[in-house]
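These notes concern the structure reproduced below.
The values are calculated or read from the model by the stated rules, or taken from the named source; none is laboratory data. Remember, it's a predicted structure, so these values are computed and weren't measured experimentally. Glycine gets a Cβ as well: all are built from the backbone with ideal geometry, and neighbour counts include every protein chain shown.
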Amino acid sequence: MILFFYGTLLEPAVLARISGEPSLPRRLRPARLDGWRRVFLRGTPYPTLVEDAASVVEGAVLRAGPAALARLAAYEGSAYALAPLTVTTARGTLRARAWIAPAWRADAARPWP
């Protein structure tokens, strides 16, 4: 499955530790998500995404296997659900999935760094 990362999992050490695959960060490729904005997940230090036609989120994509996907899903927890998105990479557009919280959980007034 192709995943789009936009927050803490962009950090290679975090991605390697959480996924259980030390080489996984080397497979990250830059990607851009148009029409969305990165904000804080209410009550946490973590991000989520909200739709915003005038915004762009810079992140990265990679293909994750079943074992890494299971570990990443456990890390994301029940606050997030995988949502299908279209992202742009150096090779064009592609379908990916990202963990996004329900809109009511987003603190849309607080951009995430």
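The figures follow:
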quantity: Tally of residues being surrounded by fewer than 20 Cβ atoms within 10 Å (Cβ to Cβ), closer than 19 Å to G92 by Cα and touching a residue at least 60 places away in the same chain (Cβ under 8 Å) across region 7-44; calculated: 2
quantity: Residue check for V14: among the β-branched types (V, I, T), at pLDDT 95 or above and either assigned to a strand (DSSP E or B) or in contact with an Asp or Glu (Cβ under 9 Å, 6 or more places away or on another chain) (or both); calculated: no
quantity: Neighbours by Cβ (under 7 Å, 6+ apart or cross-chain): first from region 102-113, farther than 18 Å from E76 by Cα and modelled with pLDDT of 95 or more; second β-branched (V, I, T) and surrounded by 11 or more Cβ atoms within 10 Å (Cβ to Cβ); calculated: R110/V39; P111/V39
quantity: Output for region 45-96, where each listed residue is polar (S, T, N, Q), buried (at least 19 other Cβ atoms within 10 Å of the Cβ) and either more than 13 Å from the chain's Cα centre (by Cα) or outside any strand (DSSP E or B) (or both); calculated: none
